[in-house]
Amino acid sequence: MTDRVDVRKTFKLFVGGAFPRSESGRTYEVTGAGGGFLANAAKASRKDARDAVIAARKGFASWSSATAYNRGQVLYRVAEVMEGRRAQFVSDVRDAEGLSKSAAVAQVDAAIDRWVWYAGWTDKVTQVLGSANPVAGPYFDFSVPEPTGVVAAVAPQDSSLLGLVSVLGPIVATGNAVVVIASTDRPIPAITLSEVLATSDVPGGTINILTGDPNEMMPWLASHADVNALDLAGVSDAALATSLEQEAADTVKRVRRATTDADWFADPGLSRLRAFVETKTVWHPLGV
Amino acid sequence: MAFEYAPAPESRSVVNIASSYGLFINGEFVDAKSGTMFKTINPATEEVLADISDAGAEDVDRAVAAARKAYTGAWGSMSGRDRSKYLFRIARLIQERSRELAVLETLDNGKPIRESRDVDIPLVAGHFFYHAGWADKLDYAGYGANPRSLGVAAQVIPWNFPLLMLAWKIAPALACGNTVVLKPAETTPLTALAFAEICQQADLPPGVVNILTGAGDTGRLLVEHPGVDKVAFTGSTEVGKAIQRAIAGTSKSLTLELGGKAANIVFDDAPLDEAVEGIVNGIFFNQGHVCCAGSRLLLQESIAEEAMEALKRRLGTLRLGDPLDKNTDIGAINSAEQLARIHALADSGDEEGAERWSPPCELPDTGFWFAPTVFTGVTQAHRIAREEIFGPVLSVLTFRTPEEAIEKANNTPYGLSAGVWTEKGSRILWMADRLRAGVVWGNTFNRFDPTSPFGGYKESGFGREGGRQGLGAYLKEQS
Amino acid sequence: MSVELPDHGTDSLRRFLHGLPGVDEVGANGRVAMLGTRSIKNASKAFAIDLAIRMVDLTTLEGADTPGKVRALSAKALRPDPTDPTAPSVAAVCVYGDMVGIVREVVGDRVHVAAVATAFPSGRASLDVKLIDTAEAVAAGADEIDMVIDRGAFLAGDYGRVFDQIVAVKRACGDAHLKVILETGELRTLDNVRRASWLAMLAGADFIKTSTGKVAPAATPPVTLVMLEAVRDFRAQTGRLIGVKAAGGIRTSKDAIKYLVLVNETVGEDWLTPDLFRFGASALLNDLLLQRQRMATGHYSGPDYVTID
């Protein structure tokens, strides 16, 4: 009896809708929860991060100018393709987190459903966060939420898929583009997600996924003048988080602080949707 | 040399029309207990398309019971997240079958295929997508935490946008957790029956959606049924009033979307070429079978002559004919009855002294057709300025000042929609502020979107469909 | 109602142009999109393809143009499809002024010879230079001149200067027809397109033309719509018929047919003639020929069956 020799995957970065290796040529070992070798993941450098920001800025231009309906359609398509790869995600999450099959299935199902939830938000955020304002004068006055631009995010370290999706969903549902650093030790579900994104009509550059060490890349992203906001969800080191906030102050970035002890299964509410929008208020007179 | 367009018919082969249809109750097609059938025809050719069941009292009982069972059972206890997934499935199926549905709609209704394909069906899919996303977010919709559904909704819809009116009713009702019994119009049942198949393909739990075909009596029986918690009606003001009377004293919730006689107001600084397009779209889109049609053109007197010249020139390029031809702009009138009504009102225009004009127009020999028609010299007292014609007939009046335009526009028991054409933004907003209409279009007309609430003031009805506001029709607010 | 020609040296030209009705961009785009759904098949498609071929100004405007290249293009202009003599000739060959003589040698009087002039494509040169450019092209045998307006002056609001230049070039044209290129891609707004169209017509243009083809976007259906509306209204007010040329970015038969529909339903059949509507194009001709071959043979054709000039 011969076992079939399988074809093993090479794990690369996801930038601008394509899959480049790190420009540094470096990789790092990813081990499973049990300690066994899983893969060599690309170890992204600050130059990769810089390139990802360029791609994100480009992606932002097309993503933010699409209609909310169109964004919803694209995000729902992502969920359809995720559902098609459910078994693969379950196996990735099991390997990464050492979960039982049923726990992995619960996480993957929650992640897909979470993505569907955010897909349905794109054309509703304006109605929930925006308003017409009854100013005391003959003016029509309205406020609308607009995407802030390019967000640099650190995905949760432990929750390799559900946590990642819970961070990405609200950022892109509101029209932003994102450069996210996947969980350092558990990046494989993120890489599978990048394959889903590449095949789901998501415009290149809207979502960019880097694997590697946030300690190395985040200071560059926090000080980068073309990044508008930071989501420090997965920054577990308090000193690093503080220093990134300080860096961000130089360009007055919007910062969402690190999340400790998050229950990613819980109802996310509106706070992440609010975090990366700017409110624009417009006045116009009423008169003949 | 003339550039004639060769016939460009959309193929009928994409649809599969059965010779007869039952009622859709509890997830299955069943024979009507009433035993009576009626025919649905293609109004462009008068060809019979299919035999349709006429639901009677027993059938209405069965359907309401099925809706109630689904409500107290699977659907009522289902999470918003799961309801949303069913609605997303339905939205996707509509997209997948969109060509078939567009052809079917055109065959049964008479509207041009370009409109079913480019306007109706995409909006149908859009409504289901939009409302799918609300099903699990109702806490954020502004109705308090955990707003509850109402129960079983009885929904009666008209023949002018058959599948779209179905989407406007069913999507929000289901998103909010209700179950429905819907009666499509007598002359346009086919896309509702195709929708029933789509519900089956989506594995929607039985009884959540029930479709009862029939005539006026079926609608009355349904609306008056004691097992119904909510009534939603779109149709004529006359029938709307009858329904409001009928449910008086009961605890049934009601929303009505009725007729209109919208003013389309063009100022001297309007972008004229685009205003002409807006005028044409306002009254001739869907053969004028639109509750929010811009049927009263109010021209500022100083540019009235110039605007009329431009309008008449533009009307000369309208193409009337086979609705399945992709180049047709004006299709068939939906029924002989409707055609007779249009003729009667247009004739009153002649009798009352308005001046009638139509571009040269060849009407086919079979089917129901009415040439696009414009009446000038119309005053507020004319019947054609007051009564809803629901056909391709435009009444033109003039005004001098913005205030006068407002007075004339508002001087009607209706209040569904209005249009304002001017390059001056402040004037659009000033007019919008004063127009007593549920929808005001500035430098555009007949624009619809699932996110944008639609509904009327005064005798055009009450309640809104679409947007966050539209959900309110199907929710019980926590007090 | 007739139009009084404004005194261009003063404010009245500006007031006239600024007083023209605005164009609602969304509405204009909507009109164009609707007309883009017209389905032109069979006999009407064959008619449209042949008409489009007859309306092509077959163009080469490259720094690398040589006599050999221009001769080849000119031969193609006369006989676009060597396999099918029923294919009509194009309307004109369009080249830089110094190539005009070569075109004339090949085509004689059988098609028009159009020369770009006035420091094409930028228009950034003195009036004297522009006039010499024009006069030399006419002397070499051009019977049509495609000039560019001074967009800098237009955008700075110096309408009088733009007007005067057109008048002067028209004079230098003699009997040659003058096409005035608005370069709509630089004018950006449809309001500007409308104003520039009226300015050019009042100054004596025989044709108004969308673009040089050297700036993106070049011709688009919405700008062409606005220009067609302008010539329609100009005729209503003065009785004069001015032509429209859509140039640049029109590559496929489908595109060309959309433009013909636009002409048909905006200004009517009077403009469906090469005397009043042209396509400034190069690659378009081959696509028209491929479509023509498909209609004649019933099967899809391929690039080996049309010539590369």
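The values are calculated or read from the model by the stated rules, or taken from the named source; none is laboratory data. Predicted model only: the values in this text are computed from it and were never measured. Cβ placement follows ideal geometry from the backbone for every residue including glycine, while neighbour counts extend to all protein chains displayed.
What the table below lists for this structure:
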| item | result |
| --- | --- |
| Which numbered condition B:S34 fails, given (1) part of a loop (DSSP other than H, G, I, E, B); (2) modelled with pLDDT of 95 or more; (3) away from every other protein chain (no Cβ under 14 Å) | (2) |
| Test: residue in region B:111-127 that is within 11 Å of another protein chain (Cβ to nearest Cβ) and of a type in the set (V, I, T) | yes |
| Residues located in region A:113-138, provided they are under 30 Å from A:L38 (Cα atoms) and either without any contact (Cβ under 8 Å) to a residue 40 or more places away in the chain or touching a strand residue (DSSP E or B) at 6+ places or on another chain (Cβ under 8 Å) (or both) | A:D113 |
| Selection within region B:62-78 - over 13 Å from B:C176 (Cβ atoms) and part of a loop (DSSP other than H, G, I, E, B) | B:G73, B:A74, B:S77 |
| Filtered residues of region B:179-212 (kept if out of contact with any Asp or Glu (no Cβ under 7 Å at 6 or more places or on another chain), outside any strand (DSSP E or B) and among the polar types (S, T, N, Q)) | B:T187, B:Q200, B:Q201 |
| Sole residue being in a loop (DSSP other than H, G, I, E, B) and not basic (K, R), chosen from B:L429, B:L363, B:L394 | B:L363 |
| Positions within region A:142-183 being surrounded by fewer than 21 Cβ atoms within 10 Å (Cβ to Cβ), touching a strand residue (DSSP E or B) at 6+ places or on another chain (Cβ under 9 Å) and farther than 22 Å from A:V277 by Cα, in sequence order | none |
| Count of residues meeting criterion [of a type in the set (G, A, S) and in contact with a His (Cβ under 8 Å, 6 or more places away or on another chain)] in region B:354-395 | 3 |
| Any hit, region C:92-112, residues being in contact with a His (Cβ under 6 Å, 6 or more places away or on another chain) and either surrounded by 23 or more Cβ atoms within 10 Å (Cβ to Cβ) or not β-branched (V, I, T) (or both) | yes |
| Restricting region C:235-246 to residues that are within 18 Å of C:K179 (Cβ to Cβ) and out of contact with any Phe, Trp or Tyr (no Cβ under 7 Å at 6 or more places or on another chain), the residue that is nearest to the other protein chains (Cβ to nearest Cβ) | C:R235 |
| Residue in region B:60-81 that is under 23 Å from the mean Cα position of the chain (by Cα) and either without any contact (Cβ under 8 Å) to a residue 40 or more places away in the chain or surrounded by 21 or more Cβ atoms within 10 Å (Cβ to Cβ) (or both) present | no |
| Elements of type helices (runs of 4 or more DSSP H) in region A:204-288, at least 3 residues being at negative phi and within 14 Å of another protein chain (Cβ to nearest Cβ) | A:271-275 |
| Test: residue in region A:51-69 that is out of contact with any Gly (no Cβ under 8 Å at 6 or more places or on another chain) and acidic (D, E) | no |
| Options B:G455, B:G425, B:G466; residue that is within 10 Å of chain A (Cβ to nearest Cβ) and either surrounded by fewer than 24 Cβ atoms within 10 Å (Cβ to Cβ) or at pLDDT 95 or above (or both) | B:G425 |
| First in region B:228-253 and under 23 Å from B:A66 (Cβ atoms), second anywhere and outside any strand (DSSP E or B) and of a type in the set (D, E, K, R), Cβ under 6 Å, 6 or more apart | B:V231/B:K252; B:A232/B:K169; B:A246/B:E224 |
| Residues that are in contact (Cβ under 8 Å) with a residue 40 or more places away in the chain and within 18 Å of C:C94 (Cα to Cα), drawn from region C:124-148 | C:A137, C:A140, C:G141, C:A142, C:E144, C:D146, C:V148 |
| Residues satisfying the stated conditions in region C:283-309, i.e. surrounded by fewer than 20 Cβ atoms within 10 Å (Cβ to Cβ) and assigned to a loop (DSSP other than H, G, I, E, B) | C:G298, C:H299, C:Y300, C:S301, C:G302, C:T307, C:I308, C:D309 |
| Count of residues meeting criterion [more than 24 Å from B:H289 (Cβ to Cβ) and of a type outside the set (A, V, I, L, M)] in region B:388-407 | 8 |
| Some residue of region B:369-383 being more than 14 Å from chain A (Cβ to nearest Cβ), surrounded by 19 or more Cβ atoms within 10 Å (Cβ to Cβ), under 21 Å from the mean Cα position of the chain (by Cα) and closer than 22 Å to B:G353 by Cβ | yes |
| Meets criteria (at pLDDT 95 or above and not assigned by TED's automatic domain parsing to the domain that holds B:Q200) for B:Y5 | yes |
| Count - residues of region B:258-285 that are more than 14 Å from chain C (Cβ to nearest Cβ) and closer than 25 Å to B:W159 by Cα | 7 |
| Filter result (touching a residue at least 60 places away in the same chain (Cβ under 8 Å) and either under 30 Å from B:A132 (Cβ atoms) or basic (K, R) (or both)) within region B:423-436 | B:K424, B:R427 |
| Enumeration of residues in region C:27-46 that are facing chain B (nearest Cβ under 7 Å) and either touching a His at 6+ places or on another chain (Cβ under 7 Å) or of a type in the set (A, V, I, L, M, F, W, C) (or both) | C:A28, C:I40, C:A43 |
| Any chance B:G227 is at negative phi and part of a loop (DSSP other than H, G, I, E, B) | yes |
| Those helices (runs of 4 or more DSSP H) lying entirely in region C:138-240 with at least 1 residues closer than 19 Å to C:R31 by Cα and within 19 Å of the chain's Cα centre (by Cα) | C:184-187, C:190-203, C:221-238 |
| Failed criterion for C:P274 (all others in (1) assigned to a helix (DSSP H, G or I); (2) in contact (Cβ under 8 Å) with a residue 40 or more places away in the chain; (3) within 12 Å of another protein chain (Cβ to nearest Cβ) hold) | (1) |
| Check on B:A175, within 14 Å of chain A (Cβ to nearest Cβ), closer than 20 Å to B:L258 by Cα and of a type in the set (G, A, S) | no |
| Elements of type helices (runs of 4 or more DSSP H) in region C:1-108, at least 1 residues being over 30 Å from B:E423 (Cβ atoms) | C:42-54, C:67-78, C:100-107 |
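Condition check ((1) touching a helix residue (DSSP H, G or I) at 6+ places or on another chain (Cβ under 8 Å); (2) more than 14 Å from chain B (Cβ to nearest Cβ)) across all residues:
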{"residue": "A:W63", "(1), (2)": "yes, yes"}
{"residue": "A:A66", "(1), (2)": "yes, yes"}
{"residue": "A:R71", "(1), (2)": "yes, no"}
{"residue": "A:E83", "(1), (2)": "yes, no"}
{"residue": "A:A96", "(1), (2)": "yes, yes"}
{"residue": "A:V105", "(1), (2)": "yes, yes"}
{"residue": "A:K124", "(1), (2)": "yes, no"}
{"residue": "A:V128", "(1), (2)": "yes, no"}
{"residue": "A:S143", "(1), (2)": "no, yes"}
